[in-house]
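Comments concern the structure below.
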Amino acid sequence: MGPLWLGLLIITALFGPTAPQDLGSSVFVFPRESQSAHVQVTAKLEKPLNNFTVCLKSYTDLSRPYSLFSYATKKQSNEILLFKPKPGQYDFNVGNQFLSFRVPENLGEVEHVCISWESSTGIVSFWLNGKPWPRKGLQKGYTVGVPASIVLGQDQDSFGGGFDAKQSLVGEISSVYMWDVGISTAEVVSALYDTPGQTPLFGWNNFPYKIVGEVYLKP
């Protein structure tokens, strides 16, 4: 354990979550495979979700499975999960049911992904780098529960834990946003450039987080 990581752990233990801040052009760097390192989103969501949208950028050369965004409740660990099982595919879970989107295999390139779901129809909308994919359906009539544990870079198999190193991200995440509504393609493009017109539940311009383990916020 290096002094920088030790210092980071001490700061986290002493002060806990940071105050929400504008992360600008910064990124979270996950430097190595880990069973513990992650970023906890500390926003307190108080109302169950019948609609939501999640957007983020990722940058990695991994070819094995890894998790990007994991939203767990005490009743359901895969309440919302954005997961990449292999290059060229994104899996999306709502209430432990999933569907897949096939995408070009772009190893080593930044990918911006947005995914939106609405309970009334079950329709899932997916965008890669601002381009919409054909819509699909999942979990019509479902309600996403609260309170939630929201984690970047690991797949929760239990509330706030149950991580598997072989599903951890090695790479970078940035420009993370979540809304409790669906958004348009124009709004997706705005999120791509960190200029959202619609106020999110949390977003990169006012991001509430806590780093756990060896993750670094870097320019």
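Sort out which residues of segment 167-217 are among the charged types (D, E, K, R) and either open to solvent by less than 10 Å² (accessible area, probe 1.4 Å) or in contact with a Leu (Cβ under 8 Å, 6 or more places away or on another chain) (or both), and write them in order of number. Within segment 167-217, Asp180, Glu214 qualify.
Would you point out the residue of segment 173-219, among those that are of a type in the set (Gly, Ala, Ser) and assigned to a helix (DSSP H, G or I), that is farthest from Ser149 (Cα to Cα)?
Result: Ala186.
Yes/no matrix, rows are residues, columns are (1) surrounded by fewer than 20 Cβ atoms within 10 Å (Cβ to Cβ); (2) modelled with pLDDT of 95 or more:
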position: Phe52; (1), (2): no, yes
position: Phe69; (1), (2): no, yes
position: Ser77; (1), (2): no, yes
position: Gly88; (1), (2): yes, yes
position: Gln97; (1), (2): yes, yes
position: Phe101; (1), (2): yes, yes
position: Leu107; (1), (2): yes, no
position: Glu118; (1), (2): yes, yes
position: Lys136; (1), (2): yes, yes
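Need at least 3 residues that are more than 13 Å from the chain's Cα centre (by Cα) and within 19 Å of Trp179 (Cβ to Cβ) per element, so show me which strands (runs of 3 or more DSSP E) inside segment 51-144 make the cut, counting only ones lying wholly within it. In segment 51-144, the matching strands (runs of 3 or more DSSP E) lie at 123-128.
The condition of being in contact with a helix residue (DSSP H, G or I) (Cβ under 7 Å, 6 or more places away or on another chain) and farther than 30 Å from Gln35 by Cβ does not hold for Pro104.
Could you check, for segment 17-27, whether at least one of its residues is in a strand (DSSP E or B) and either at pLDDT 95 or above or more than 14 Å from the chain's Cα centre (by Cα) (or both)? Yes, segment 17-27 contains a residue that is in a strand (DSSP E or B) and either at pLDDT 95 or above or more than 14 Å from the chain's Cα centre (by Cα) (or both). Once segment 145-159 is narrowed to residues that are open to solvent by less than 40 Å² (accessible area, probe 1.4 Å) and not in a strand (DSSP E or B), the residue that is farthest from Lys218 (Cα to Cα) is Gly145.
The values are calculated or read from the model by the stated rules, or taken from the named source; none is laboratory data. Here the structure is a predicted model, which means the values were calculated and not measured. Positions of Cβ are backbone-derived with ideal geometry, glycine not excepted, and every protein chain shown enters the neighbour counts. Protein only, heavy atoms only, side chains kept; ligands, DNA and RNA dropped before computing areas. Shrake-Rupley method; radii C 1.70, N 1.55, O 1.52, S 1.80 Å.
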